[in-house]
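Nothing in this text is a laboratory measurement; each read-out follows from the coordinates by a stated rule. Predicted model only: the values in this text are computed from it and were never measured. Positions of Cβ are backbone-derived with ideal geometry, glycine not excepted, and every protein chain shown enters the neighbour counts.
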Amino acid sequence: MNDPVLVVIFLRGGADGLSIVSPTGDQDYLAARAANLRVPRDGDGAGFKLAEANADVDFRFHGRAKGLSELYGAGELAVIHACGLKDGTRSHFDAEDRMERAAPSSTNTSGGWLARWLKDVKPDGILPALAVGPAAPDSFMGVSDVAVARELQSLRLAPGHPYRKGVLAALQGLGADQVFGSSITRLLSLTKSIETKAALDENGNLKSYEAAVEYPKDNELADSLRTVAQAIKLDLGLRVTSVDFGGWDTHVGQSYELPNLINALSTALTAFWQDLGPLQQRVTVVTMSEFGRRLKSNESGGTDHGHGNVMMVLGGSVKGGRMYGEWPGLKNDALDMGADLAITTDYRHVLADVMGAHMKYAKAQSLFPGLEHRPLGII
């Protein structure tokens with residue numbers, strides 16, 4: 001199959017976009033942040049300069065985001081700053097819920113935005129939607145055809161499963177949906193597809209996935225993206241997948257917590273992208289978080305819940321190497337409530353761009369009720 005694939009990475013906890021892509025030349029940024037929470041322009045840990053961004057501000061990727069910088073330099077990664085949820089809240093739960101529903105409460109729209117796409121498109125394939133992790137996010141709320149697993153081995157009836165022999169035999173000549181129900185039938189079909197396409201060992205278990213590159217070890221996001229790459233390469237009909245990557249709530253000790261998180265994000269994404277090889281043309285990756293962090297650092301060596309943030313879009317058809325959106329600046333009268341980076345781009349415009357240009361789904365109002373979509377031209 002040659003259908004496009006969307007990978008949504010949600011950075012849970014409120015990632016500090018002002019550190020991932022930092023306005024290092026902004027005097028208000030320099031005045032508000034403790035020195036160990038700023039991205040420097042020279043010396044140890046110097047950030048990587050973004051070409052084609054605002055030269056007066058001197059935007060830089062964090063010094064631990066070398067891979068992101070290289071993807072940006074190769075024209076494959078786009079940055080959208082001052083982006084996010086316009087009807088914001090500083091509650092993690094509420095902000096995540098609003099972002100994943102992607103519809104104002106006034107519209108009485110239920111379910112998640114990816115669920116609305118799945119209901120309308122009804123994609124073919126045995127594995128159209130995959131949530132990598134312990135549970136499906138609310139963006140999939142409202143549909144049942146979403147597989148949830150950390151690895152593909154979990155999406156099949158194992159050879160020793162007590163039901164396997166009888167269930168598979170019963171499928172021969174019987175209406176499996178009537179006998180077992182649609183969910184069990186899909187599991188059985190997925191089991192058969194995976195075993196047909198994947199290499200098995202002598203005990204009937206899936207052999208370890210042989211990636212084209214070495215993924216970073218002890219990296220939760222890398223493990224998740226490795227599973228996504230395997231599913232894409234097995235050609236199981238995957239169209240949309242969600243990946244959660246948590247730990248970004250850096251109220252305390254941000255100077256040593258955040259660099260490791262950014263490094264994990266950067267190295268995992270780089271390995272995943274290299275692993276895809278020629279399949280990159282079919283795939284677009286979007287990163288998002290429920291909100292950013294405060295401009296001013298707190299007294300605990302961290303930053304508190306903020307508002308505006310950065311999103312990134314990676315893809316073979318992305319017009320990368322550019323920063324999109326309008327930078328509002330960090331002067332006090334430009335800040336949201338005098339404290340946070342203001343939002344100049346509703347995050348749904350980014351998602352609508354990707355869904356329209358990459359996924360070939362032009363009905364933005366169906367996915368994002370109430371949005372007057374203004375294309376950004378990212379793809």
Could you order the peptides 327-337, 238-248 from most to least packed, using the average number of other C-beta atoms within 10 Å per residue?
238-248, 327-337
Quick calc: nm separation of the 7 Å Cα→Cβ label points for Thr196 and Asn2 -> 2.2
Take the alpha carbon gyration tensor of segment 1-111, find the square roots of its eigenvalues, order them as a ≥ b ≥ c, and report rounded if a/c is under 1.5; if not, report prolate when a/b exceeds b/c, else oblate.
oblate
Over the chain, what is the relative contact order in percent, taking alpha-carbon pairs closer than 8 angstrom and at least six residues apart?
31
In a GNM of the chain with a 10 Å cut-off on Cα contacts, which of Leu118, Leu37, Leu187 has the highest mean-square fluctuation?
Leu187
FRET E, pair Lys363, Asn108, Förster distance 25 Å, beta-carbon r, rounded to 0.05
0.85
Roughly how many debye, to the nearest 20, is the charge dipole of the chain about its Cα centre, given +1 on each Lys and Arg Cβ, -1 on each Asp and Glu Cβ, and no other charges?
820
Peptides 372-378, 95-101 ordered by average Cβ neighbours within 10 Å, highest first:
95-101, 372-378
With a/c under 1.5 counting as rounded, go ahead and sort segment 232-379 into rounded, prolate or oblate using the C-alpha gyration tensor (a ≥ b ≥ c being the square roots of the eigenvalues; past the cut-off, prolate if a/b is larger than b/c, else oblate).
oblate
Taking K and R as +1 and D and E as -1, what net charge do the other residues with C-beta under 11 Å from the C-beta of Ala53 add up to?
0
Gaussian network model of the chain, Cα within-10 Å springs - most flexible of Arg90, Arg226, Arg60:
Arg90
Cβ crowding within 10 Å averaged over residues, with 123-133, 203-213 ranked highest first:
123-133, 203-213
Taking Cα pairs under 8 Å and at least six residues apart, what relative contact order does segment 1-95 come out at, in percent?
24
Which one is right for this structure if mean projected area of the Cα convex hull in nm² is calculated from it: (i) 28.0; (ii) 23.0; (iii) 19.6?
(iii)
When the helix-only estimate is applied to the chain (DSSP H runs of n ≥ 4, each -39,500 (n - 2.57), divided by the residue count), what is the mean residue ellipticity at 222 nm, nearest 500 deg cm²/dmol?
-8500 deg cm²/dmol
What FRET efficiency would be calculated for the residue pair Ser144, Ala51, taking the C-beta separation as r and a Förster radius of 35 Å, to the nearest 0.05?
0.15
Rounded to one decimal in nm, the spacing of the 7 Å Cα→Cβ label points at His92 and Lys122 is 3.9
Under the definition of Cα pairs under 8 Å and six or more residues apart, what whole-number percent is the relative contact order of segment 283-328?
41
Which residues does the label zone of Glu70 cover in segment 187-219, counting backbone N under 14 Å from a point 7 Å along Cα→Cβ?
213-216
Pull out the extension gain between Glu220 and Ser255, defined as 0.36 nm times the separation in residues minus the alpha carbon to alpha carbon distance; nm, one decimal.
10.6 nm
